[in-house]
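What follows is a single structure, written as structure tokens, with notes after it.
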């Protein structure tokens, strides 16, 4: 399956991924990502050059986990920026748009996952949850 992403979505995910990776490697004393999440985000980053080809349910789940982590991190950063400055702060507004674009991708991944699970269940005759991640 193909996860279609527009330029703004790809830029938002790539920018957030780069912040997470930089923070995960100890820059600026920021909150470090858990090692598993950091690895998933690092693995996703090179794929953010255009539409993302997702070939298996396991791959969809990995991409979903990475994007879910990115969305959560952007939400945390947005909240903190608003608290530190104000809602109309330029960086807060930028984070809002990055969060929104990333959240839209996460929603499409949710729909894709549900569709892929249904196909696996139809073909395999058992619940997709029986298949390991």
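Here is how the numbers come out for the structure above:
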{"quantity": "Search result, residues across region 77-95 that are more than 17 Å from residue 14 (Cβ to Cβ) and in a helix (DSSP H, G or I)", "calculated": "78, 79, 80, 81, 82, 83, 84, 90, 91, 92, 93"}
{"quantity": "Unique match (being part of a helix (DSSP H, G or I), farther than 21 Å from residue 35 by Cβ and in contact (Cβ under 8 Å) with a residue 60 or more places away in the chain) among 117, 121", "calculated": "117"}
{"quantity": "Complete set of residues in region 53-76 that are assigned to a loop (DSSP other than H, G, I, E, B) and touching a helix residue (DSSP H, G or I) at 6+ places or on another chain (Cβ under 9 Å)", "calculated": "54, 56"}
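Yes/no per residue for (1) part of a loop (DSSP other than H, G, I, E, B); (2) at pLDDT 95 or above; (3) out of contact with any strand residue (DSSP E or B) (no Cβ under 6 Å at 6 or more places or on another chain):
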site	(1), (2), (3)
5	yes, yes, yes
10	no, yes, yes
15	no, yes, yes
21	no, no, yes
28	no, no, yes
33	yes, no, yes
36	no, no, yes
39	no, no, yes
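The values are calculated or read from the model by the stated rules, or taken from the named source; none is laboratory data. It should be emphasised that the depicted structure is a prediction, and the values quoted were computed from it without experimental measurement. With ideal geometry, Cβ positions are generated from the backbone for all residues, glycine too; neighbour counts draw on all protein chains shown.
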